[in-house]
Amino acid sequence: MLLQLLLITLGWIFNYAHRMVVSPLLPMIKSEFHLTNAQAGLLMTALLLPYAIVQVPAGYLGDRFGRRTLLTLSVFGYSLSSAMLFFSSSYWEFLAFRALYGFFSGLYYAPATALIAETYGRRKGSALGVFMLGPPLGSGIVPLLVVPIALNLGWRYAFPVLALLSSAVGVLLLLSLRKLEEKRVRARLSIEVGSINLAIANFLSLMAFFGVLTFLVAFLTNRGMGVERASFLFSLLSLVGVAGSLAGGFLYDRLGRRALEFVFFFNGVFILLLTVRPGLVPVLILGLTFYSVGPMVTAFSAETAGRDNLGPVMGFVNMVGFFGATVGPYFTGYLIDRLGYRGAFFSIAVLYVLAEVIIKGTETGVSRT
C-alpha cells in the first residue's frame, strides 16, 4: 500500500496546487479584470462551494461502488477544468471554470481518506499525515512553478502547464490502483452525532485557513514587501507545513483530541504574531501548526464513524469545513475592504481560538481502531 499511498498523496498535492494557483497570481488577475478584494475572494469561493456540496455524495459513492474510480475521475476532471481557465475572457467565465474545477476536485478527499483510514487502522494518523502533505506541498510548490511562467508568458499559461503535470499523475494513479484490492461494505448514508462539534470546529478552522492563504501575498505586499519576497514567504509557510503535517499525524496517534486542541490555539497565537510582526520568523513558526490541523481532523473524523459509513462521515466533516472555506476568502476580503489587512487578520486569529473552545470535551463515541 506504500506506493499507492504516495501516489494518492501526489494526486492530493496537485489537487491543492490547482486550488491555490490563483493566490500568487492574484495581483495580475485583479489588475486585468479590475477586481475589488471581495471579488477576488470569490475566485476561491467559486470552487469551494461545489467542492463542499459534493463531499458526502463522494464518500457514499466511494463506499458503495469503489473508491478507485472516483479518485482517477477526480484527477483527470480537475486537471481539464483547471486548464480551461486559459480561455477565460471575463471574470464570470473565470468563476464558472473555477466552479467546475471545484466539483471534480471535491470527488477526491472522502474516498481517499476513507481508503487510507480503513487500510492503516491504528496507524491512520501517521498515514493521513503523509496524505495531508497535499496542502503544504501543493500550496508551497505552486508559486515557485507558476510565478516565473506568469512573469515571462502571462498568467494564463500557468494553468495548462499545471494541468499537464497533474494529468500524468492521474495516469500513474490509474495504473497503480488497479492492483489494489478494496474492501466492499454495505454502505450506510448516515452521520454520527460525535462528528457535529468536530464539523463546526472544522468550519471555523478552514474559514480561517483559506482566508490566510488567499490574501497572505496581498497582505505582505500591503505591508511593503515586494511580490517575489511575499511569494517566497507564502511558499515557505507551506513548505514548513510539510513537517507540520507529518508531526500532526504522529502526535494524533499518541494524544488524540488533545493534539487538535493544541494546534487550534497556537494557530490563533501565531497568526496574531504574524499580523503584528510580518516576516520570516512568524511564517516559520506558523507553518509548523498551520498544516498540522488537517491530519488530526481527518483521523478524528474516522473515529466518529462506523465501518459501514466511513466515507459519508469523512465527507460530512470535510463538507461542513469547506462551507467555512467557501465563506472565508470572501469574508476576509470584505473585512480587508472595511477594516484593513491588520483588522482582518486579527479576526482570523479569533476564529482559531473559537475552534479550540468548541472542540474541548468532544468525544468520538466510537472506540479507536
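The values are calculated or read from the model by the stated rules, or taken from the named source; none is laboratory data. Just so it is clear, the structure is predicted and the values come from calculations on it, not from any experiment. Neighbour counts run over all protein chains shown; Cβ positions are idealised from the backbone, glycine included. Remember, those area values only see protein heavy atoms, side chains included, never the ligands or the DNA or RNA. Shrake-Rupley method; radii C 1.70, N 1.55, O 1.52, S 1.80 Å.
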Inset, instruction - Starting with the highest mean, order 15-27, 144-156, 320-332 by the number of other Cβ atoms within 10 Å, averaged over the residues of each peptide. - result: 320-332, 15-27, 144-156
Inset, instruction - Have a look at region 1-122 and give its Rg and Dmax from the Cα atoms, expressed in angstrom. - result: 15.8, 51
Inset, instruction - Could you calculate the contour length gain from SER90 to TYR157, that is, 0.36 nm times the residue separation minus the distance between their Cα atoms, to one decimal place in nm? - result: 22.5 nm
Inset, instruction - Could you pull out every whole DSSP H run in the chain that spans at least 18 Å of Cα extent along its own axis and averages -1.0 or higher on the Kyte-Doolittle scale? - result: 2-20, 37-53, 67-83, 91-105, 134-153, 158-177, 195-222, 227-255, 257-276, 310-359
Inset, instruction - Provide the per residue accessible area, probe 1.4 Å, for region 72-111, rounded to a whole number of square angstrom. - result: 35 Å²
Legend entry - Helix-derived mean residue ellipticity, 222 nm - over the chain, DSSP H n ≥ 4, -39500 (n - 2.57), to 500: -27500 deg cm²/dmol
Legend entry - Shape box of region 1-62 [Cα atoms, principal axes, largest first, Å]: 47, 25, 12
Inset, instruction - Considering only VAL240, VAL56, VAL276, give the residue with the highest GNM mean-square fluctuation for the chain, with springs between Cα atoms whenever their separation is below 10 Å. - result: VAL276
Inset, instruction - Provide the solvent-accessible area of PHE262, counting protein heavy atoms only and rolling a 1.4 Å probe, rounded to the nearest 10 Å². - result: 110 Å²
Inset, instruction - Just report the Cα centroid separation between region 279-299 and region 20-56, whole Å. - result: 22 Å
Inset, instruction - Return the distance in nm (one decimal) between the two label points of a simple spin-label model at VAL171 and ILE285, each offset 7 Å from Cα along Cα→Cβ. - result: 4.7 nm
Legend entry - Quotient of Cα Rg and 2.2 N^0.38 Å for region 226-309, N being how many residues it contains: 1.24
Inset, instruction - Any chance you could list P(r) for the chain, counting all Cα-Cα pairs in 20 angstrom bins from zero, rounded to whole %? - result: 33, 60, 7
Legend entry - Carbon and sulfur %, accessible surface of the chain computed with the full protein complex present, 1.4 Å: 68 percent
Inset, instruction - At 1.4 Å probe size, with every protein chain present, just tell me what the per residue accessible area of region 126-179 comes to in Å². - result: 40 Å²
